[in-house]
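Once you've had a glance at the structure underneath, I'll fire off some questions.
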Amino acid sequence: MVGTALAKAYGRGSGRVPALVDVTVEIPPAALTVVAGPSGSGKTTLLHCLSGIATPDSGTVLLDGADVTGLDDDARTALRRSRMAFVFQRGNLAPTLTVAENASVGLVLRGTSRDETRTAVDAALERVGIADRAGSYPDELSGGQLQRAALARALACRPDVLWADEPTGALDRAAAAELTELLADAATTGCAVVVVTHDPAVAERADVLVRMEDGRRIP
């Protein structure tokens with residue numbers, strides 16, 4: 001995936017505030033790419049533009065040579081569902097579903113068969129080390145376990161690109177380090193893993209480091 005000369009501003013008229021200014025970035029497969037910078041530096045806006053959640057004001061995003069920015073909303077949603085997965089800061093698990101049921105949501109939306117879904121979910125929960133909590137509900141998990149469950153939900157879909165927005169932000173140091181290693185391990189499956197963070201410990205683990213400041217990519 002390549003984003004070229006991306007620009008994005010919010011607001012209207014003379015009150016428009018730039019969030020991205022001429023940002024170019026390449027996201028390689030089978031690597032942990034970390035987008036690092038302070039709050040307000042444009043990290044999440046960059047993630048949103050690259051993943052098709054938001055449309056940049058200018059610039060292009062190419063995935064396997066196809067222009068993502070040229071797709072309509074429905075097509076971008078279908079692309080995310082079929083080729084991407086997300087991990088958010090708080091996990092965003094459905095409270096009335098078990099860990100295994102939460103991990104199966106993406107596959108169910110794709111229309112994956114029950115047997116294939118069960119196999120993929122079991123493998124994902126095993127990979128992140130919470131297979132023993134498959135029948136638990138989110139309110140029975142620790143913060144670290146919640147994020148592992150969210151990562152399992154993403155991995156079960158076998159995405160080409162896995163996006164993680166501040167995934168360690170609500171975790172203590174030990175749990176954050178464990179999740180960071182799991183994210184790095186996820187890249188060994190062949191997918192591109194992109195983590196947005198202000199945590200220097202996560203940045204140190206990057207295969208590719210993109211530093212942001214005031215909406216710009218800096219050396």
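Bear in mind that the values in this text are calculations on the coordinates, not laboratory data. Everything quoted here is computed from the prediction, not taken from an experiment. All Cβ positions, even for glycine, are placed from backbone atoms using ideal geometry, and neighbour counts span all protein chains on display.
How high is the FRET efficiency from Ala66 to Ala5, r the C-beta distance, R0 22 Å, rounded to 0.05?
Numbers: r = 18 Å, r/R0 = 0.80.
With a Förster radius of 22 Å, E is 0.80.
For region 2-218, give the magnitude of the charge dipole about the Cα centre (Cβ charges: +1 Lys/Arg, -1 Asp/Glu; no others), in debye to the nearest 20.
For region 2-218, the charge dipole is close to 360 debye.
Within the set of other residues whose C-beta is less than 14 Å from the C-beta of Val23, count the net charge using Lys and Arg as +1 and Asp and Glu as -1. Mind showing how you got there, number by number?
Numbers: positive: Lys8, Lys43, Arg211, Arg216, Arg217; negative: Asp22, Glu26, Asp57, Glu213, Asp214.
Net of charged neighbours comes to 0.
Nearest 10 degrees, 0 to 90: what angle lies between the long axis of helix 73-83 and the longest principal axis of the chain (Cα atoms)?
Taking the Cα atoms of the chain, the angle to 73-83 is about 50 degrees.
What residue among Ser104, Ser39, Ser82 has the largest mean-square fluctuation in a Gaussian network model of the chain, using Cα springs under 10 Å?
Checking each option, the largest mean-square fluctuation is seen for Ser39.
Need one number: nm distance between label points at Leu209 and Asp132, each 7 Å from Cα along Cα→Cβ, rounded to one decimal.
Spacing of the two 7 Å Cα→Cβ label points: 3.6 nm.
Another question, then. Work out how much length Asp185 to Val108 would gain on full extension: take 0.36 nm times their residue separation and subtract the Cα-Cα distance, in nm to one decimal.
Working: separation 77, 0.36 × 77 = 27.72 nm, distance 2.48 nm.
Answer, rounded to one decimal: 25.2 nm.
Convert each backbone phi in region 197-203 into a coupling constant with the Karplus relation 6.51 cos²θ - 1.76 cosθ + 1.60 (shift: θ = phi - 60°), then list the ³J(HN,Hα) values in order as whole Hz, x for Gly and Pro.
Values, residue by residue: 7, 10, 8, x, 5, 6, 4 Hz.
Moving to a separate point now. Bin width 10 Å, alpha-carbon pairs only: give the P(r) of the chain as whole percents, running from 0 to the bin holding the largest distance.
Over the chain, the share of Cα pairs per 10 Å bin runs 9, 34, 35, 18, 4, 0 percent.
How big is the C-alpha Rg of region 58-132 next to the rule-of-thumb value 2.2 N^0.38 Å, as a ratio?
On the way: Rg = 15.3 Å, N = 75, 2.2 N^0.38 = 11.3 Å.
Here the answer is 1.34, to two decimals.
If you don't mind, there's one more thing I want to ask. Could you work out which residue, out of Gly13, Gly40, Gly169, moves most in a Gaussian network model of the chain, that is, has the largest mean-square fluctuation with Cα springs under 10 Å?
Gly13
At a Förster distance of 35 Å, what's the computed FRET efficiency of Leu97 paired with Asp22, Cβ-Cβ distance as r, to 0.05? The partial results should precede the final answer.
Details: r = 42 Å, r/R0 = 1.21.
Result of the calculation: an efficiency of 0.25.
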